[in-house]
Amino acid sequence: MSSQSGDLWNYLQQMHRQWGSWLQSASGTQTEASRPDGGFPFASFGAVDRFPQEWSRFLPGVFGGGGAESGPIPMDLYETDRDVVVVLELPGLRSAADASLNLTRSELYVRATIPRLDTGSGRMHVTERKAGAVERTISLPVAVRTTGTRARYAAGLLEVRMQKEQRDPTAHRAEVPIQFGRL
C-alpha cells in the first residue's frame, strides 16, 4: 500500500471512530462506529470539515483541489544563523505591483496575481498551472524583526529574507518592498 493510500485509510478510520462517538453521545446508545476497531468511515464535524482538503491530496481536481487557482503557493522555508528565508514559486510576475508582502513577528502574508497565458486565437486544451489571485499566510518557526526584511524576485521565485528577532519586542505589521532582478 502506498504512503498516500495508507494516509487516506488512517484518515477514514479516524473519521469513522469520531463519527461513532458523536452519534453515541447524541443518541445515548452504542453504535458500531464507536467501537475501538472502527466501522463506518465518517468523523466528527471537525474531520468532516477537513474532508475536501484531505481528499484533494489523493484525487486532484475533486472538491476544487489541484485546479489552476487552488492550493497554497509552493514554497521552501529555512533558517540560517541570522535569518529566516522563504522562497515562493510565483511564475510570470512582471513587476513588484503584482505581489504584496506583509510581515508580523510570527507570520508572513503573501498575496500575488499570477498572469494567465495569452493564447491569442489558440484554443486551450489543458490548464494545470496556477493563474489569477493567490495568497498564503506562513507561520514562521521563530520570531523575526519587522524591519530590515529583503525580498527579491527572479526566474519565477520570490525570496524573502527576514532577520531573526534579537531584542526588538515590537509586534507591528510592515509592508515589504520587492526588488526585481537576480536572486
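The set of residues in the stretch 112-163 being surrounded by 12 or more Cβ atoms within 10 Å (Cβ to Cβ), among the small types (Gly, Ala, Ser) and in a strand (DSSP E or B) consists of Ala112, Ala151, Ala154.
Scanning the stretch 89-111 for residues that are under 19 Å from Arg173 (Cβ atoms) and surrounded by 18 or more Cβ atoms within 10 Å (Cβ to Cβ) yields Ala99, Leu101, Leu103, Arg105, Leu108, Val110. Tell me, please, whether a residue that is out of contact with any Lys or Arg (no Cβ under 8 Å at 6 or more places or on another chain), among the small types (Gly, Ala, Ser) and in contact (Cβ under 8 Å) with a residue 40 or more places away in the chain can be found in the stretch 129-144. No, there is no match, as no residue in the stretch 129-144 is out of contact with any Lys or Arg (no Cβ under 8 Å at 6 or more places or on another chain), among the small types (Gly, Ala, Ser) and in contact (Cβ under 8 Å) with a residue 40 or more places away in the chain.
With respect to Leu183, is the statement that it is closer than 18 Å to Leu77 by Cα and without any contact (Cβ under 8 Å) to a residue 60 or more places away in the chain true? Give the derivation first.
Numbers: closer than 18 Å to Leu77 by Cα: yes; without any contact (Cβ under 8 Å) to a residue 60 or more places away in the chain: yes.
In short, yes.
Laboratory data are not the source of any read-out in this text; all were calculated from the coordinates shown. Everything quoted here is computed from the prediction, not taken from an experiment. Quick reminder, even Gly has a Cβ in these numbers, built from the backbone with ideal geometry, and neighbours come from all protein chains shown.
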